[in-house]
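Structure record follows, encoded as structure tokens.
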Amino acid sequence: MAALKMAKKRSVYMRLQKPDIFIVEIKKMLRMIKRKMYRSYRNDNWKYGWNKGFLFIGLTDSSYYGNIKIDDVKKYFDKYYIEENGTPRFDFINVHQTPFALAALSLFQQTREIKYEIFCRYVYNKLLSWQDKNGLLPYFANTKSEIDFYFVDQLGMYVPFLVRYAKEFDDKNAYAIAKKNLDYWIDYGLDKSGLPFYNVKNNIGLGINSWGRGCAWFILALIEFIQIDSYYLNIAYQLLKTLEKLELRNNTWAQFMGESFDIDSSATIPILLLKSYLDVNVDILEVLKKMTDRGGQIIYCSGETCGMIRFSELFGPSDFIQGITLILLNRINSYNQKA
């Protein structure tokens with residue numbers, strides 16, 4: 001399986017943003033490499049970020065449904081990401097690393113091994129300590145910056161964990177935090193059509209609202225609530241109505257919906273996941289075939305941004321979308337078995 005091959009290494013599968021062609025930027029990057037700053041970023045922040053975390057969410061989801069042996073998943077998660085005492089093997093310094101905690105939660109539910117519970121509680125306590133005075137979680141919550149940034153990315157990184165943590169450990173506060181952060185975005189971070197803005201500042205939605213993966217991040221948070229409260233279900237239907245108007249072709253979406261013309265799997269597959277939750281009939285396997293290479297990797301995923309609103313021009317495979325695809329496939333396989 002392509003996903004397990006990805007899991008064998010800590011190196012991350014996702015194309016990075018092309019450096020700017022301007023000489024000043026090139027010289028700047030060369031200085032960073034010389035000081036090993038760039039290498040440090042790639043080895044630490046990059047390897048232990050959301051990309052690999054979502055791969056393991058997909059893998060643990062697959063082991064839950066019996067499609068992968070759980071020992072194969074544990075082997076690599078334990079080797080790279082968790083100490084024997086349950087603490088992370090890496091510095092947990094940013095909310096974008098929270099997906100590892102959701103993978104650990106799934107491992108705990110399947111094995112009841114205490115180290116995975118410890119990992120989850122460690123991350124949860126970090127998130128608690130990072131809340132601002134309004135009970136929100138800024139993206140750079142661990143820094144001393146006086147400016148709080150709220151990006152749409154973060155919703156998909158910690159809201160799913162908080163909702164499922166609340167359910168597993170009967171923690172009403174975790175649920176309340178997740179709900180408050182999602183509601184804040186619904187109140188101030190959506191345009192009239194239901195599309196999410198790139199970020200919110202002082203209760204004002206700012207930046208691009210056609211970013212396909214930005215919409216995906218919002219969807220990953222929203223689907224945690226649509227089976228709980230009809231209010232969120234209505235928001236999901238409104239969003240889908242807009243997305244269908246921006247469809248590229250045959251249930252695919254672009255990196256910048258309505259503005260660019262190449263398939264972006266990191267936009268398309270989460271939208272297909274939303275459709276599955278809303279019981280919209282789609283031949284998902286047929287769509288996935290268009291985005292899968294001979295080795296089973298999902299391709300056409302836009303690369304990571306480099307700084308704020310500096311979107312990648314590169315496309316290829318990624319740990320993130322491989323994990324989301326596993327979640328989608330497990331969902332439709334489970335549904336077919338029940339039918």
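The values are calculated or read from the model by the stated rules, or taken from the named source; none is laboratory data. This is a predicted model, so every value here is computed, not measured. Reconstructed Cβ throughout: ideal geometry from the backbone, glycine too, with neighbour counts over all protein chains shown. For the accessible areas, the whole protein counts, side chains as well, though only heavy atoms, and no ligand, DNA or RNA atoms are used. Shrake-Rupley method; radii C 1.70, N 1.55, O 1.52, S 1.80 Å.
Laid out as a table, the results:
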read-out	value
Cα centroid separation, the range 246-304 to the range 59-138 (Å)	27 Å
Relative contact order (percent, whole number), the range 188-339, Cα cutoff 8 Å, 6+ residue spacing	16 percent
Cα-based convex hull volume of the range 236-289 per residue, rounded to whole Å³	72 Å³
Sites I93 and S11, calculated FRET efficiency, Cβ-Cβ separation with R0 22 Å, nearest 0.05	0.65
The chain, Rg to Rh (Cα coordinates; Rh as Kirkwood inverse mean 1/r)	0.94
Exposure rank, largest accessible area first [M1, M157; 1.4 Å]	M1, M157
Antiparallel bridges, percent of DSSP beta bridges restricted to the chain (to nearest 5)	90 percent
Charge dipole (debye, nearest 20) of the chain; +1 at Cβ of Lys and Arg, -1 at Cβ of Asp and Glu	1180 debye
Solvent exposure of the chain as accessible area per residue, Å², 1.4 Å probe	48 Å²
In Å, descending, principal axis extents of the Cα set of the range 106-176	41, 20, 20
Heavy atoms of R121 accessible to a 1.4 Å probe, total area in Å² rounded to 10	90 Å²
Violating pairs (Cα-Cα greater than 25 angstrom) within the set K5/K74; K180/K245; K9/K74; K47/K275; K52/K74; K79/K115	K180/K245; K47/K275
Counting all C-alpha pairs of the range 226-339, share separated by more than 18 Å (%)	54 percent
Paramagnetic reach from K167 (point 7 Å along Cα→Cβ, amide N under 13 Å) across the range 224-256	224-229
Solvent-accessible area, 1.4 Å probe, carbon plus sulfur percent, for the chain	50 percent
In Å², nearest 10: area of E259 left accessible to a 1.4 Å probe	120 Å²
Label point 7 Å beyond Cα of K180 along Cβ direction - residues of the range 115-135 with amide nitrogen under 15 Å	125-135
Computed [θ] at 222 nm, helices only, for the chain once each DSSP H run of length n ≥ 4 contributes -39500 (n - 2.57)	-16500 deg cm²/dmol
Rounded to the nearest 10 Å², the accessible area of D183 at probe 1.4 Å	30 Å²
Where only alpha carbons of the range 181-254 are counted, the Rg and the Dmax (Å)	12.0, 38
Most fluctuating residue given options L314, L272, L220, as computed from a GNM of the chain linking Cα atoms under 10 Å	L314
Pairwise label distance in nanometres, E247 with D187, each label 7 Å out on the Cα-Cβ vector	3.5 nm
Cα→Cβ-extended label distance, 7 Å offset, between S260 and L233, nm	3.5 nm
Accessible surface, 1.4 Å probe, highest first, among residues E113, E84	E84, E113
Kirkwood Rh in Å, taken over all unlike Cα pairs in the range 51-124	11.9 Å
